[in-house]
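Since the structure comes first, as structure tokens, the remarks are kept for the end.
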């Protein structure tokens with residue numbers, strides 16, 4: 001069986017030592033970029049390698065031009081996947097300790113690279129620990145394999161592509177940030193507050209229940225229908241602050257059995273870098289260093 005959206009801790013345990021399965025620990029802290037790897041070294045799911053948001057899952061950010069976490073070049077990421085020991089036969093499972101958002105970024109990037117056999121651990125690190133399953137400390141190694149790049153470019157949109165689309169009646173742009181940031185309040189990460197005009201808000205964490213697991217598909221479909229109205233999910237463009245939690249909303253739609261839409265990887269941090277782009281509500285200078 002191939003897992004393409006979510007996998008439970010019990011299901012992962014059954015395949016823990018399978019040579020064609022790879023676990024990636026995606027724990028990361030936006031406030032302390034070194035914390036995720038330190039946590040990984042302290043303890044992780046046996047066999048897991050660490051996938052760092054900034055070292056592995058992002059390219060080089062250019063202040064004023066790109067968002068905070070742009071995509072790496074496809075050939076560079078393909079090399080990373082090969083070094084991790086991923087080829088066409090490998091089932092990848094990603095997890096983190098932040099609602100699954102960093103793991104979802106990896107999941108989406110695997111889709112972008114043409115590798116659908118990727119899943120996010122439902123309940124994440126906390127769910128694994130709660131189940132009483134094994135962990136171990138230290139760094140892991142895996143024999144490299146040959147990864148074949150087959151990028152799927154239509155899964156994401158660029159700023160020039162989004163500019164004529166964000167208010168189009170045939171498109172629904174969804175902002176995955178918290179409601180206050182969407183409203184232009186309490187902005188702490190980007191230099192300008194507000195949102196892309198025409199966007200509706202769906203905080204990514206609302207996809208997850210109090211148990212840390214994704215809501216059931218039927219419940220997600222009902223909630224997302226309220227967000228999207230009459231717009232079909234294949235007309236959805238997701239964004240967030242820097243292109244991370246937007247992928248969580250894409251995963252939620254896929255888990256619900258719907259088209260996951262497209263992701264604007266540049267997201268708010270790229271959109272607001274150019275003062276000529278429209279902003280709603282009125283732009284507010286937060287005094288935040290744009291390099292953050």
All conditions in (1) part of a loop (DSSP other than H, G, I, E, B); (2) modelled with pLDDT of 95 or more; (3) farther than 30 Å from residue 129 by Cβ are true of residue 64 except (2)
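Among the candidates 255, 238, 248, which residue alone is surrounded by fewer than 24 Cβ atoms within 10 Å (Cβ to Cβ), under 20 Å from residue 5 (Cα atoms), touching a strand residue (DSSP E or B) at 6+ places or on another chain (Cβ under 9 Å) and not assigned by TED's automatic domain parsing to the domain that holds residue 62?
One residue alone meets the criteria, 255.
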For region 20-33, does any single residue satisfy the condition of being part of a loop (DSSP other than H, G, I, E, B), over 19 Å from the mean Cα position of the chain (by Cα), farther than 21 Å from residue 114 by Cα and outside the structural domain of residue 271 (by TED's automatic domain parsing)?
no
Enumeration of residues in region 204-224 that are in a helix (DSSP H, G or I) and over 17 Å from residue 176 (Cβ atoms):
217, 218, 219, 221, 222
Can you report the number of residues in region 37-68 which are more than 17 Å from residue 136 (Cβ to Cβ) and touching a helix residue (DSSP H, G or I) at 6+ places or on another chain (Cβ under 8 Å)?
10
Out of all the residues in region 258-272, is one or more more than 22 Å from residue 69 (Cβ to Cβ), in a loop (DSSP other than H, G, I, E, B) and in contact with a helix residue (DSSP H, G or I) (Cβ under 7 Å, 6 or more places away or on another chain)?
yes
Test for residue 170: is it in contact (Cβ under 8 Å) with a residue 60 or more places away in the chain, surrounded by fewer than 21 Cβ atoms within 10 Å (Cβ to Cβ) and either within 22 Å of the chain's Cα centre (by Cα) or more than 19 Å from residue 73 (Cα to Cα) (or both)
yes
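Only one residue in 207, 201 is surrounded by fewer than 19 Cβ atoms within 10 Å (Cβ to Cβ) and in contact with a strand residue (DSSP E or B) (Cβ under 8 Å, 6 or more places away or on another chain), so which one is that?
Exactly one residue qualifies, and that residue is 201.
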Go over the candidates 123, 138 one by one and state the one that is assigned by TED's automatic domain parsing to the domain that holds residue 43, within 21 Å of the chain's Cα centre (by Cα), at positive phi and touching a residue at least 60 places away in the same chain (Cβ under 8 Å).
123
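The values are calculated or read from the model by the stated rules, or taken from the named source; none is laboratory data. Being a predicted model, the structure only gives us computed values, none of them experimental. In this analysis, Cβ positions are derived from the backbone assuming ideal geometry, glycine residues included, and neighbour counts consider all displayed protein chains.
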